[in-house]
Amino acid sequence: ERLYFTGLSHIKVNALALMRRDLASLAPASLALIVLVLFFSFRTRRGVFLPLLCVLVGVIWTMGIMGWLGEPISLGTLVLPSLLIVIGSSYATHVVSRYYLEIESPTTPGEPVYGALQQAGLPVLVSAIATLIGFSALMVNPIQAVRSLGLYAVIGIAILFVLAMTLVPALILILPERRYRQQAAGGEGERGRLPKILAAVARL
């Protein structure tokens with residue numbers, strides 16, 4: 001004989017198993033792709049480490065706040081870790097990229113990280129505010145899972161912005177990058193296949 005299990009309890013158990021499987025695969029896959037993009041973009045340890053650390057701390061804090069408030073992971077908030085990884089890495093990457101540009105072509109005297117913050121602070125702030133407004137709109141949705149996604153996405157993006165503007169510059173000052181300084185001094189910063197491709201895209 002063939003037996004079929006159905007009912008709300010059976011659906012909840014299977015949905016929980018599927019969410020655990022997706023969390024165990026999606027978040028590491030997102031991190032791996034981010035690491036590859038950062039490596040091919042900067043080719044320095046700092047260029048990979050700083051944005052990665054920023055997003056990991058931001059995701060841990062956000063998920064910790066969810067647990068502290070007793071908010072369970074639902075079908076709506078399941079995508080939150082991967083979402084924050086992508087958004088947060090862009091904020092930190094912008095700061096690190098601007099720092100490397102300051103090494104090659106300083107806009108202010110003194111430490112390049114200060115010039116990087118002056119140049120990148122406003123664009124990252126505008127980007128964060130626009131993203132916060134977009135996710136805030138989800139908080140008026142009648143579906144609870146969607147409202148939860150909007151609320152904790154707002155919290156997570158705010159955390160990631162603060163980390164990109166504080167943690168990343170602080171670690172830039174602490175961690176030396178002598179290898180990149182030598183390359184920049186020799187004029188190697190804008191050479192290679194990737195800069196040429198990006199310059200062609202910019203011209204187009």
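Here are some notes:
- 3J(HN,Hα) from dihedral phi, the stretch 56-67, Karplus parametrisation 6.51/-1.76/1.60, rounded to Hz, x for glycine, proline: 5, 5, x, 5, 5, 4, 5, 5, x, 5, 4, x
- Percent accessible area from carbon and sulfur atoms, the chain, protein chains only, probe 1.4 Å: 68 percent
- Ranking Val55, Leu33, Ala92 by how far each Cα lies toward the positive end of the dipole of the chain (charges on Cβ) leaves Leu33 at the top.
- Rg/Rh, computed from the Cα trace of the stretch 1-80 with Rh as the Kirkwood radius, has the value 1.17.
- For the stretch 79-114, the residues whose amide N sits under 15 Å from a probe point set 7 Å from the Cα of Ser25 along the beta carbon direction are 79.
- Value in Å of the Kirkwood radius, where the chain supplies the Cα pairs that are averaged: 19.0 Å
- Nearest 10 degrees, 0 to 90: helix 193-203 Cα axis against the chain principal axis: 90 degrees
- Ser41 - accessible surface, heavy atoms, 1.4 Å probe, Å² rounded to 10: 60 Å²
- The chain: calculated mean residue ellipticity at 222 nm from DSSP helix runs of at least 4, using -39500 (n - 2.57): -27500 deg cm²/dmol
- Crossing angle, helix 112-136 versus the chain [Cα axis fit, 0-90 degrees, rounded to tens]: 20 degrees
- Solvent exposure of the chain as accessible area per residue, Å², 1.4 Å probe: 60 Å²
The values are calculated or read from the model by the stated rules, or taken from the named source; none is laboratory data. Here the structure is a predicted model, which is why all the values come from computation and not from measurement. Cβ: placed from backbone, ideal geometry, glycine included. Neighbour counts: every protein chain shown. Only protein heavy atoms, including side chains, enter the accessible area calculation; ligands, DNA and RNA are left aside. Shrake-Rupley method; radii C 1.70, N 1.55, O 1.52, S 1.80 Å.
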